[in-house]
Amino acid sequence: MFSSKEEFKKSFINRIEAKGTEKNLELAHETLWEMTCEWVQESWKRTNQLYEENHDKQLYYISIEFLIGRVLGQNLLNLNFYNLVKEGLDELGLELSEIEELEIEPGLGNGGLGRLAACFMDSLASLELPGHGYGLRYRSGLFTQHFVDGNQTEQPTKWIKEKNNVDIRREDLAVDIPYYGEVQLVMGIDGMHTKVENPEWVKAVPYDIPIVGANGGTVNTLRLWQAEVSERASSVGKEYAVYERETAKITDRLYPDDSLEAGKILRLKQQYLLCSASLQNIISNHKSSLEKLPNSIAIQINDTHPALAVPELMRILIDDYTLDWEQAWDITTRTISYTNHTILEEAMEKWGSHLIQSLLPRIYLIIEEIDRRFKESLQNQGKDDETLHKLSIIEDGVIKMAVLAVVGSYKVNGVAKLHTEILKKREMKELNEQFPNKFHNKTNGITHRRWLIKANQELSGLITETIGSQWMKEPERLSELHYFSQNQNFLQDFQEIKSLKKEQLIHHLQRDQNIIVDPSSIFDIHIKRFHGYKRQLMNILHIQMLYDRIKRDSTYRPYPRTFFFGGKAAPSYHFAKQVIKMINTVANKVNNDPLARQHLHVVFVENYNVTHAEYLIPAADVSEQISTASKEASGTGNMKFMMNGALTIGTFDGANVEIFEQVGQENAFVFGMRAEEVMDYEKNHSYDPKEIIESDVEIKKLMEELVKGDWTEGKANVDFIVGQLLHEGDPYFVLKDLQSYSKEHEKILDAYANPINWAEMGVKNIAASGIFSSDRTIQQYSDDVWQLTKVPSMY
Ligand code: GPU
């Protein structure tokens, strides 16, 4: 450790010189990384020692995704070394930000769910709570996206390097995972036991990533499993080379395509490896007092991908530790809790029984027994067939993972108030009635350390100058800014910082993708995964409307706007890919039209990821949160924008509802259908987009142009878009909400015309955003679900 800039510089130079090679940025990165690892190491060791000595209750957060983003800068910041290192390097003629740019971010997640897990890790460590993550170490993270003729192409992202990786291999903690085999009863000294004979063993090797909390005192662990051939695999019933290949595939990539059976087996193998390896690892540390397990650990499963944790914990307790069913069930259902992240029917995981039965025969028997006992108890309570059907875990040869997760957990939560209400009143109504105290809400949050302190150091600095630094520890104190929302000097400073962040984004995009943007335009940003319900299509249709208005009406000359898009489509999600293609086509047309270009600019940021987000969000004036009401469980991008002073244009969906509640609807742009309305239309099948088209001349004209192919390139593109809007009945109510969306955009222009007023609204958003820190979310989980105790790091 060092305590001054001079010491840092000395130590840095010594190390560089000891390497004796040519000096370059790469070498500086390597050196700084090594130094950071050493600083982290000390606290990591001490944190683990403390946990062991005190027997503190530990939380384990199991998730198929952890979208952690770049690590170096965030670690330096949490260690409180960032500024010192930055200044030290400056004096040596090096730019810390350039060194940071050399890090390839590990894309171990798709979007919101994975980024939430990463924010939670940061908050747990920062609140000095004993909470760790378990995930998978995919060799290729989320694919790299490129556009070729406007179409998305996908390339594997190799993030693992030869050396200096962010994680540390722990060979000593490897465990074996059994697949296939035959279940047999064997006689032991204390009676009959179940055993799986001749399984195909795969070794799971953990790689640990230190999670550095604020001020560097607490360092928790994110443990990622990698599949490898097992030493016990000599007797596999197939050719060894085939076994080797199949094994390597297990942790090869995130969400392998599961449209075919082989892909389904692979996903199931991943899920089981994650659950079994994590639970074996957890239990090996607690085997001396298994009856007390619910007092010494809590396990949170992040959606249903890790729902096999329920039968796997049962298996370990019964088969490996000879507990009887009742005891094991009691322990399991007081240890595991579950978070639901969606009500979209197509996203609810279901597995064919035959798949689980053949790949995981013992697990299948346990699920069957859980289901049998549950059904028996329901029948004893006199439940009708309809209720039995809703509550069954196994039905018609299918296993419903969400029901398994609810039955096997002591607490179940949704991720925003509206979402939890929909779960309780509709999607999981019968389950909620059966287990009235199980369901609760935990509105998502984001770590203000990455999304404000790190991503917007200038704004953080201004906030600290204005209200002191206590807000960093207690983000709800951002409310003290409210008072300054009338202060002209403060508003001016805020505006200057916004301009600066715009310049930084422009510089970043120019370097990365050779895009040039007008810094004085309104930055209107729509970044998230591509999905029908997120309605990127509505945004681009609106841009077409604006283009038409500019062309048609010589008095319509709106203030210049740059519409940014960013996001990836799942490789097999054809409709989403067609929307991407269409946005690129529209961008081409609009950006190359000399008249329209003076008012509109469409920018599609290629390969949207955490790093791009850190540039985009602080530069935003307008945050697009326009999902079909009821479909977005929470959203978390919405919170990041708000915290950086962007104004939201959004529907009453997910956490938007709570954002509007906090900041007041007068400081946001709210439009569109309510969740109730959408769900009623869906229930009665009573929405007909043709009625909208017939009754609205502007939309009618737009549709005619679309059909003619004015806005698309290639027949497939027209067919998909028109097919969705017309023949498939516009399932996400794009046309229905289009005019109210457009009106709200006009209000944005009016508001922006008064810059001081606009800044005032932005500041009010920042002031109201503290509650959306994931520190609040994590504290609530801890109080209501996990019952963790703070372990002061004494640092
Ligand atoms: N979400 Br299910 C994902 O990112 N991936 C998933 O597989 C599922 C949900 C998202 C929700 O769509 C989003 O609304 C929410 O904010 C986020 O999870 C975190 O809860």
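The values are calculated or read from the model by the stated rules, or taken from the named source; none is laboratory data. Being a predicted model, the structure only gives us computed values, none of them experimental. Note that each Cβ is placed from the backbone with ideal geometry, even for glycine, and that neighbours are counted across all protein chains shown. All accessible areas refer to the heavy atoms of the entire protein, side chains included, with ligands and DNA or RNA removed. Shrake-Rupley method; radii C 1.70, N 1.55, O 1.52, S 1.80 Å.
From the square roots a ≥ b ≥ c of the eigenvalues of the alpha-carbon gyration tensor of the stretch 448-771, which class results: rounded (a/c under 1.5), prolate (a/b over b/c), or oblate? Since a/c reaches 1.5 and a/b is larger than b/c, the shape of the stretch 448-771 is classed as prolate.
Distance between the C-alpha centers of the stretch 150-173 and the stretch 350-390? Whole Å please. Spelled out, the Cα-based centre of one part sits 38 Å from the other.
May I ask what percent, to the nearest 5, of DSSP beta bridges between residues of the stretch 317-418 are antiparallel?
Once the DSSP bridges in the stretch 317-418 are tallied, antiparallel ones form about 60 percent.
Which value, in Å², gives the accessible area per residue of the chain when a 1.4 Å probe is used on the protein heavy atoms?
Details: 30890 Å² over 795 residues.
Normalised by residue count, the accessible surface of the chain is 39 Å².
Could you order Asp710, Asp750 by accessible surface area, starting with the largest, using a probe radius of 1.4 Å?
Numbers: Asp710 60, Asp750 115 Å².
Of Asp710, Asp750, the descending order of accessible area is Asp750, Asp710.
Report the antiparallel proportion of the DSSP beta bridges in the stretch 1-285 as a percent, rounded to a multiple of 5. So the antiparallel bridges amount to about 80 percent of the total.
For Arg561, the residues whose modelled amide H falls within less than 5 Å of its own, excluding neighbours fewer than 5 places apart on the same chain, are Ile522, Leu600, His601. The solvent-accessible area of Ser3, taken with every protein chain present and a 1.4 Å probe, is close to 100 Å².
Estimated at the nearest 10 Å², the accessible area of Lys790 is 110 Å² with a 1.4 Å probe. In the context of the full protein assembly, Val229 retains an accessible surface of approximately 50 Å², using a probe radius of 1.4 Å and ignoring ligands and nucleic acids. Checking the cross-link filter: which aspartates and glutamates have an alpha carbon closer than 13 Å to that of Lys163, excluding same-chain neighbours under 8 positions apart? Straight-distance partners of Lys163: Glu26, Glu30, Glu34, Glu103. For the chain, the fraction of 1.4 Å probe accessible surface lying on carbon and sulfur atoms is 49 percent. Our coupling estimate for the stretch 286-298, obtained by passing each phi through the Karplus curve with A = 6.51, B = -1.76, C = 1.60 and θ = phi - 60°, is 10, 5, 5, 9, 5, 4, 8, 3, x, 8, 9, 9, 10 Hz, Gly and Pro reported as x.
Of the listed residues Ile211, Ile62, the order by accessible area with a 1.4 Å probe, largest first, is Ile211, Ile62.
Would you mind putting 310-319, 459-468 in packing order, based on average other-beta-carbon counts within 10 Å, highest first? List each step's numbers first, then the result.
On the way: 310-319: 23.7, 459-468: 16.9.
Peptide ranking by packing, descending: 310-319, 459-468.
How big is the antiparallel share of DSSP beta bridges in the chain, given as a percent to the nearest 5?
Values: 37 of 82 bridges.
Bridges in the chain are about 45 percent antiparallel.
For the stretch 149-237, the relative contact order comes to 25 percent (Cα pairs under 8 Å, sequence separation of at least 6). Sorting 523-535, 45-57, 478-490 by their mean Cβ neighbour count within 10 Å, with the most densely packed peptide first, gives 523-535, 478-490, 45-57. Give the shape of the chain as rounded, prolate or oblate, defined through the alpha-carbon gyration tensor: a ≥ b ≥ c are the square roots of its eigenvalues, a/c under 1.5 means rounded, and otherwise the shape is prolate if a/b is larger than b/c and oblate if not. Here the chain falls in the oblate category. Taking amide H atoms as placed 1.01 Å from N in the peptide plane, the amide H of Val398 lies under 5 Å from those of Ser353, each 5 or more residues away in sequence or on another chain. Helical runs assigned H by DSSP (4 residues or longer) give the chain a calculated mean residue ellipticity at 222 nm of -14000 deg cm²/dmol, each run adding -39500 (n - 2.57) before division by the residue total. The H on the amide N of Arg137, modeled in the peptide plane, is under 5 Å from the matching H of Trp225, Gln226, each at least 5 residues off or on a different chain.
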